[in-house]
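For reference, the structure is listed below as structure tokens.
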Amino acid sequence: MGGGEWVGTSVPYLAGSAGAGGDAWAAEAAAEGRRGSQWIVGAGEVEPPEAVAELLGTPVGQCVVARRRIMYLDDEPCELTDTYYPLDIAGGTALAGTAKIRGGAIRLLAELGHVGARVREDVTARSATDHECEQLRLAAGEPVLQLTRLTLDGADRPIQVDVMAMPPRRQKLRYEIRIG
């Protein structure tokens with residue numbers, strides 16, 4: 001991943017980004033003097049994992065829209081991110097395609113009438129799968145942190161689920177919570 005510890009925060013990915021053409025990841029990395037990029041591996045309608053279907057309130061077996069990406073920091077793979085959207089929100093939109101979205105996904109969701117108002121994140125540690133080892137260039141048996149983010153709108157309707165896998169080495173997640 002390059003030198004030094006990486007401190008990641010979720011805020012730029014929840015409220016959108018004015019910089020970097022809406023690419024919050026590139027803007028966050030650039031602010032630290034680093035280079036963030038991503039490769040969209042695939043997008044389209046898929047049957048989600050059971051846990052994702054439950055978070056989205058989607059019946060098991062019903063399709064959703066997914067975007068799968070590999071995130072890079074200074075040309076090293078540092079995170080695998082799968083983002084899932086309800087089909088009635090994202091079907092037939094740029095979220096279902098592999099092209100970069102001008103202004104970013106958060107802006108597009110807002111244009112479609114879906115603005116995040118509340119977020120829940122769960123972080124767990126587990127062994128990396130063979131696929132994750134290959135994509136993240138990990139040795140067999142290495143762990144990953146899995147961050148699962150559920151974004152709900154003002155009516156508490158699930159509008160997005162992100163499932164991220166990242167190697168814990170040199171990784172630090174930061175949460176700042178304002179009370180009152």
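Summed over the stretch 139-172, residues that are under 21 Å from VAL115 (Cβ atoms) and outside any strand (DSSP E or B) total 5. Any chance you could count how many residues in the stretch 147-180 are surrounded by 10 or more Cβ atoms within 10 Å (Cβ to Cβ) and closer than 21 Å to ASP74 by Cα? The qualifying residues number 10. Looking at this structure, is VAL65 within 15 Å of the chain's Cα centre (by Cα), at pLDDT 95 or above and within 25 Å of GLU142 (Cα to Cα)? So VAL65 fails the test.
The values are calculated or read from the model by the stated rules, or taken from the named source; none is laboratory data. Keep in mind the model is a prediction, meaning the values are calculated, not measured. In this analysis, Cβ positions are derived from the backbone assuming ideal geometry, glycine residues included, and neighbour counts consider all displayed protein chains.
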